[in-house]
Amino acid sequence: MNTNDFSSSSSSSSPSDRRIGALLRHLTAGTDADRVSSVFASPTSGVAGGSVFAHLVQAPEDAILGVTIAYNKDPSPIKLNLGVGAYRTEEGKPLVLNVVRKAEQQLINDRSRIKEYLPIVGLGEFNKLSAKLILGADSPAIRENRVTTVECLSGTGSLRVGGEFLARHYHQKTIYIPQPTWGNHPKIFTLAGLSVKTYRYYDPSTRGLNFQGLLEDLGAAPQGSIVLLHACAHNPTGVDPTLEQWEQIRKLMRSKGLMPFFDSAYQGFASGSLDTDAKPIRMFVADGGELLVAQSYAKNMGLYGERVGALSIVCKAADVAGRVESQLKLVIRPMYSNPPIHGASIVAVILRDRNLFNEWTLELKAMADRIISMRKQLFEALRARGTPGDWTHIIKQIGMFTFTGLNPAQVSYMTKEYHIYMTSDGRISMAGLSSKTVPHLADAIHAVVTKAL
Ligand code: KET
């Protein structure tokens, strides 16, 4: 069991204690003891006339979003950003989906639309349609009114609200996240007031799932622990369990009362089908048990900057779901009061209209297919160069990313010499690649692996 504990607080402390403890550790990371004590000294204790913030150290850039900042500063005409998971066209341009343009036009043409505050839980129709999208139109949980859904600020906000809700109201305060996982997960859950531990997920030697390790670690987790699961297209590894493996995970988790918290940031991006990508979640709903799911429309509708997502909590009974929702409102109100209206309205227009919905699924499939074709092209380009090593994982992995296996030194060489930007763990966003840029990337990979860095 990997007991990498991001928050050493005991499960008996209150959420606010844990939050303060987490903040302290956050603030003290990379600083010396003197500076730490000065953070909590009297605000006027700095040099006379100097800034009360003078003691602050420069914080590092975010491991993912910082890559874009570095990329933007590079004047090279051949630079390539494969850092952030954001879809680009064959021309390397960001894409606004056609259905999104149509939905926005509809919204603008509708003069009856107003800009009043939404309720704390967001746009009601959006919430209903989002639950249907992820759980399935015929979901028994929806039919029985056992699901509460709240609009949140994209996937991140949904995870944060869900995390804070669990820290306040769930009896277990430890969440297990896969090793590795999206870099924001440990921070979100620690600051939400949970203790974060990891479970084995990826085996670098096979570049596949460490299924045995996963079962052992979840099997050894304390009864009732929360488990963060990537619904599909695991980030950063691109490695998902098979449906048979999901079934084993489900049985094990239910037998130990482990609480599933699904992060669904890529529905439709893994297989190209919205329903197929939601299957693992629906398996857990079908057994009648409880779970949380955070949905993001950033990638699958290309609504990144609109910050539109949803948190659904599936409960065992309708009256419980109602009380859960009332408590979610108490989490949300002091955090950001209520969510924005525009992005959720776009999603609601698309999900409610059969034609727009069908058009969306085609556009989504086209994005997923382009990524798959990039995998094939990169794999072929490396083969053509005779690049040493087994690169089949490029075509086997699923979703937006390839976890290349390149080490931080190799990544840094590729950035310096080839102006190719990616996260230091060797993850590349296949969606940032095009037929034109594949040869450049293949040249760079070939160069670094033959250099023995
Ligand atoms: N979960 C996962 C697994 C994830 O990869 C992301 C974003 C999110 C949630 C949150 O997305 P949101 O935009 O809040 O809906 N990942 C990409 C962008 C980022 O890091 O913010 C990325 O990994 O590049």
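The values are calculated or read from the model by the stated rules, or taken from the named source; none is laboratory data. Since we're looking at a predicted model, the values are computed, not measured. As a convention, Cβ positions derive from the backbone with ideal geometry for all residues, glycine included, and neighbour counts pool all protein chains shown. Please note that ligands, DNA and RNA were not included when accessible areas were found on the heavy atoms of the full protein model with its side chains. Shrake-Rupley method; radii C 1.70, N 1.55, O 1.52, S 1.80 Å.
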| Long-range HN-HN contacts of residue 262 with modeled amide H, under 5 Å | 229, 292, 293, 294
| task | Taking a cut-off of 20 Å between Cα atoms, list the aspartates and glutamates near residue 416, but don't count ones fewer than 8 places away on the same chain. | result | 61, 62, 74, 425, 443
| Can you flag which of 128/299; 376/436; 115/329; 132/365; 365/396; 93/279 are past 23 Å Cα-Cα? | 93/279
| message | If you average the C-alpha positions of the stretch 124-161 and of the stretch 171-244 separately, how far apart do those two centres end up, in angstrom? | response | 23
| task | Could you state the accessible area per residue of the chain in Å², with a 1.4 Å probe and every protein chain left in place? | result | 45
| request: Please list 190-197, 67-74, 146-153 highest first by mean number of surrounding beta-carbon atoms within 10 Å per residue. | output: 146-153, 190-197, 67-74
| Cα convex hull volume per residue for the stretch 159-202 (Å³) | 56
| field | Helical segments meeting 30 Å axial Cα length and Kyte-Doolittle -0.5 threshold in the chain (DSSP H) | value | 354-385
| task | Express the relative contact order of the stretch 227-359 as a whole percentage, based on alpha carbon pairs under 8 Å and six or more residues apart in sequence. | result | 18
| task | May I ask you to order 234-247, 204-217 by the average number of other C-beta atoms within 10 Å around their residues, highest value first? | result | 234-247, 204-217
| field | C-alpha center-to-center spacing [the stretch 389-453, the stretch 56-119] in angstrom | value | 23
| said: From Cα pairs below 8 angstrom and at least 6 apart in sequence, can you work out the relative contact order of the chain, rounded to a whole percent? | reply: 23
| Separation between the residue 319 and residue 255 pseudo-spin-labels, each 7 Å from Cα along Cα→Cβ, expressed in nm? | 3.3
| message | Let me make sure I get this right: for the stretch 357-453, a, b and c are the square roots of the gyration tensor eigenvalues over alpha carbons, sorted descending. Under 1.5 in a/c it's rounded, otherwise prolate if a/b > b/c, else oblate. Which is it? | response | prolate
| remark: Note on the chain, DSSP bridge orientation, antiparallel percent to nearest 5 equals 50
| request: Could you tell me what percent of the accessible area of the chain is made up of carbon and sulfur, with a 1.4 Å probe and every protein chain present? | output: 56
| field | the chain: Cα Rg divided by the 2.2 N^0.38 Å rule of thumb | value | 1.01
| remark: In vacuo Debye sum over C-alpha of the stretch 117-352, base-10 log of normalised intensity I(q)/I(0) at q = 0.08, 0.14, 0.15 Å⁻¹, listed in q order, is -0.26, -0.84, -0.98
